[in-house]
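What follows is a single structure, written as structure tokens, with notes after it.
The values are calculated or read from the model by the stated rules, or taken from the named source; none is laboratory data. A quick note: this is a predicted structure, and the numbers were derived from the prediction, not measured. No Cβ is skipped: glycine too gets one built from the backbone with ideal geometry, and neighbour counts run over all protein chains shown.
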Amino acid sequence: MINNFKNFIKKLGIMGGTFDPIHLGHLFAADTAYHNLQLDEVLFVPSGNPPHKSGHVVVDAELRLEMVYLATKDVPYFTVSDIEVKKEGKSYTVDTLRAIKKMPKYVASQLFFITGLDAACGIATWREPEQILSMCNFVSITRAHTSLKKFNSLPKKLREKVILLKEPELEISSTDIKYRIQNHKSVRFMFPTEVFDFIVSHRLYDWKG
Ligand code: ATP
Ligand code: MG
């Protein structure tokens, strides 16, 4: 019985995203939340069929999941969940949070949903935003190209529930990485080496070397 309690996570960070591909911006956001908020674990949840990106070409979910495993495997407090990848149809954050709350390991956890400021600025358009904010602590990290002015224009009842972490802005995005690969620009140091090697060996994003 005592051993079982050891497995309970008290403060769980959740880092959702398309991760197409995962990069240092995601890892830094997760790690900075871990340190600032004294979390016990950060769970990465790559999306299957993302609700906000229909129309965008995304790399197969299993490959994105694999890259998330590779990027996080050396950090003891980073874990990965395939719940959205395995789920049929679209996954909404509110449903994912409900599913995580039911998992035995996290049933007693306090949840911290970690985002970049661009994502937080869009929260009013998410499914059941007020429900999301009541189920978790919503954390947001400053991000290049998203002004605090934009954040401050969110409805007060949403904005005041967001924990804002002002941290150095890493000007990296998955969109830009794809653009850079297609235009033969350097991307090697924008993610852990294993992710770079995976992209090269699977020739993702039209990798031509
Ligand atoms: P895309 O360009 O396709 O939107 P992205 O780089 O924004 O990709 P996502 O998978 O959309 O990556 O982001 C997942 C989460 O990580 C979001 O909450 C996003 O705001 C956050 N995030 C991504 N990149 C950074 C970064 N450089 N700094 C801080 N947060 C980031
Ligand atoms: Mg994004």
Check off (1) over 21 Å from Thr18 (Cβ atoms); (2) within 16 Å of ligand 1 (Cβ to nearest atom) for Leu170 and give me the number that stays unchecked. (1)
Of the numbered conditions (1) part of a loop (DSSP other than H, G, I, E, B); (2) crowded, with 18+ Cβ neighbours inside 10 Å; (3) not aliphatic (A, V, I, L, M), Ser186 satisfies every one except a single condition; which is it? (2)
From Pro192, Pro168, grab the single residue that is loosely packed, with under 13 Cβ neighbours inside 10 Å and either within 22 Å of Phe78 (Cβ to Cβ) or modelled with pLDDT of 95 or more (or both). Pro168
Subset of segment 108-134 that is more than 14 Å from ligand 2 (Cβ to nearest atom) and in contact (Cβ under 8 Å) with a residue 60 or more places away in the chain - its residue that is farthest from Gly16 (Cα to Cα): Ala108
